[in-house]
1. When you scan the range 132-149, do you find a residue that is part of a loop (DSSP other than H, G, I, E, B) and under 18 Å from residue 166 (Cβ atoms), even just one?
2. Out of everything in the range 150-164 that is part of a loop (DSSP other than H, G, I, E, B) and without any contact (Cβ under 8 Å) to a residue 24 or more places away in the chain, what residue ends up being nearest to residue 133 (Cα to Cα)?
3. Being surrounded by fewer than 17 Cβ atoms within 10 Å (Cβ to Cβ) and within 23 Å of residue 38 (Cβ to Cβ) narrows it down to one residue among 139, 82; which is it?
4. Return the total of residues in the range 78-111 being assigned to a loop (DSSP other than H, G, I, E, B), in contact (Cβ under 8 Å) with a residue 60 or more places away in the chain and either within 13 Å of the chain's Cα centre (by Cα) or closer than 18 Å to residue 159 by Cβ (or both).
5. Considering only residues that are modelled with pLDDT of 85 or more and touching a helix residue (DSSP H, G or I) at 6+ places or on another chain (Cβ under 9 Å), look in the range 12-27 and name the one that is farthest from residue 84 (Cα to Cα).
6. Filter the range 28-49 for residues that are modelled with pLDDT under 95 and in contact with a strand residue (DSSP E or B) (Cβ under 8 Å, 6 or more places away or on another chain) and give the result.
7. Take residue 64 and decide whether it is farther than 21 Å from residue 111 by Cβ, touching a strand residue (DSSP E or B) at 6+ places or on another chain (Cβ under 8 Å) and buried (at least 19 other Cβ atoms within 10 Å of the Cβ).
8. Can you run down the residue pairs with Cβ atoms below 9 Å, 6 or more apart or on separate chains, where the first is in the range 119-135 and within 17 Å of residue 157 (Cα to Cα) and the partner is in a helix (DSSP H, G or I) and at pLDDT below 95?
């Protein structure tokens, strides 16, 4: 459109910057999962997006590289899922679209949807930690797309380690809190 700004800009809510003022170091898989779930819970509590959080950590040290939350509604961009935001910010922080040389791990409050599964593959992260399951996300009304039934095998075949169900109950609680508060379920049944 004439006169429109061609830039795409993703801005994390101010509370994320405050949370990251003291960089996190999460040495265990459970700590990394809890960090992502905490981001999701804060996103719901602050009313800044959907009930999803993600973070990229160095696998060996547990040092936080980047964090993201779901920004679909605030940005007006359907691809602004927490995983995509976190991976994009990690790429920006490290100055490259290829994260493979850095041996990084993505922790996410829920299994990746169809789109995020592709983003994970193309990003170069070497490991994924997922908390809530696909069926937990679908249970509150979100459409996760037509991803492979055995999505973990799909990633493992590409050399990406996968750990699921880490702190699952805590992640489900965030999803339910979002639904109970009347949080918008966008793109529900998009494939119908």
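1. yes
2. Filtering the range 150-164 for residues part of a loop (DSSP other than H, G, I, E, B) gives 150, 157-160, 164.
Then drop every residue that is not without any contact (Cβ under 8 Å) to a residue 24 or more places away in the chain, which leaves 150, 157.
Details: 150: 12, 157: 20 Å.
Once the filter is applied, the top-ranked residue is 150.
3. So the residue among 139, 82 that is surrounded by fewer than 17 Cβ atoms within 10 Å (Cβ to Cβ) and within 23 Å of residue 38 (Cβ to Cβ) is 139.
4. Keep residues of the range 78-111 that are assigned to a loop (DSSP other than H, G, I, E, B), which gives 78-81, 95-99, 103, 111.
Still in the list and also in contact (Cβ under 8 Å) with a residue 60 or more places away in the chain: 78, 80.
Next cut, either within 13 Å of the chain's Cα centre (by Cα) or closer than 18 Å to residue 159 by Cβ (or both) only: 80.
Number satisfying all stated conditions: 1.
5. 26
6. Within the range 28-49, 48, 49 meet the criteria.
7. Details: farther than 21 Å from residue 111 by Cβ: yes; touching a strand residue (DSSP E or B) at 6+ places or on another chain (Cβ under 8 Å): yes; buried (at least 19 other Cβ atoms within 10 Å of the Cβ): yes.
Considered against the rule, which asks whether it is farther than 21 Å from residue 111 by Cβ, touching a strand residue (DSSP E or B) at 6+ places or on another chain (Cβ under 8 Å) and buried (at least 19 other Cβ atoms within 10 Å of the Cβ), residue 64 comes out as yes.
8. 121/154
The values are calculated or read from the model by the stated rules, or taken from the named source; none is laboratory data. The model shown is predicted, which means the values in this text are computed figures rather than measured ones. A quick note on method: Cβ atoms are made from the backbone with ideal geometry, for glycine too, and the neighbour counts reach across all protein chains shown.
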